[in-house]
Amino acid sequence: MSVDRDCESEVVLARRRMVRAGLSGALALGVGPAFGPSAASGARAGEAAVRRPRPAGPRQAWGELGAGNRRWRMFHESHPDRAGHVRRALVGGQHPFAVVLGCVDSRVPPELVFDQGLGDLLTVRSAGEVLDEAVLGSIAYGVLELGVPLIVVLGHQGCGAVAAAVHAEAGGALPAHIRYLADRIRPAIDHRLRGDARIDAAVAENVRRVRARLAAEPDLAARVADGCLAVVGARYELTSQLVRKVP
């Protein structure tokens, strides 16, 4: 419990820094009046009024995502954190509680799949969840600058990028930029399998590999070790709309 409190303190400090930075930027740009009486009034609303209470640690953050996914599957979405007062308060800064690295597939938007709203998730998307320096930097920004306690690597059923990597191994030609993606997904392919089973297994293995690489990044690994951060691999099923952990 003491570790959770320490992590929460770090998150609060990070959020306060971002609120101050966001307010300074808003005032410099003169955007405050467009959202209400003043940018300062939006910032004063700040962390307390902007939205629902935030999850305090990795376990709570994953629980919130799970609850949102249940609402999504049951068509009982609450569409949180989208009201006018939330938009005004967010002028003063952001404080997402999870980073979701997902695929670019248009059928798997993280905010909808997890029934979250403005300011809740820091979403980073690349085909097949492929990592490069821009993706890594974006994820690190969420953890190190915003104090986010949870990273979710979200693969999905029927991933086209994974399928392209599998088909390329069988001799299929790919355009240069898509070949870049396939080359990075290729180590996840199990050649003992055939057809759709090979693609399906590669989706999960690709998630595992991306998760392991993120957890091993030195700056992120330090926060994992002190209990302030968890890196979770997950998979979205298009047929059932269920998000489940990838073991």
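The values are calculated or read from the model by the stated rules, or taken from the named source; none is laboratory data. Keep in mind it's a predicted model, so treat the numbers as computed, not measured. With ideal geometry, Cβ positions are generated from the backbone for all residues, glycine too; neighbour counts draw on all protein chains shown. Note: accessible area is taken over every heavy atom of the protein model, side chains too, but ligands, DNA and RNA are not part of it. Shrake-Rupley method; radii C 1.70, N 1.55, O 1.52, S 1.80 Å.
Placing pseudo-labels 7 Å out from each Cα toward the beta carbon at Ala176 and His79 gives an inter-label distance of 4.4 nm. Note on segment 78-194: Kirkwood hydrodynamic radius from all Cα pairs is 15.9 Å, rounded to one decimal. Return, ordered by residue number, the residues of segment 199-219 whose backbone nitrogen is under 20 Å from a label point located 7 Å along Cα→Cβ of Asp190. Of the residues in segment 199-219, 199-213 have backbone N under 20 Å from the label point off Asp190.
One way to sum up the overall shape of segment 164-243 is the equivalent ellipsoid from its Cα gyration tensor, whose semi-axes run 28, 17, 11 Å, largest first. Near the amide H of Val232, within less than 5 Å, lie the amide hydrogens of Ile151, Val152, Val153, all on another chain or at least 5 residues away, with H placed in the peptide plane. A cut-off of 5 Å between modelled amide H atoms, ignoring neighbours fewer than 5 places along the same chain, links Leu174 with no other residue.
What the Cα atoms of segment 56-126 give is an Rg and a Dmax of 12.3, 34 Å.
Translational diffusion coefficient of segment 79-119 (Stokes-Einstein, Kirkwood radius from Cα pairs, 37 °C, 0.692 mPa s): 287 µm²/s. Computed over protein heavy atoms with a 1.4 Å probe, the accessible surface of segment 97-234 works out to 41 Å² per residue. Please give the Cα centre distance for segment 122-175 versus segment 78-103, rounded to the nearest Å. Centre-to-centre (Cα) distance: 22 Å.
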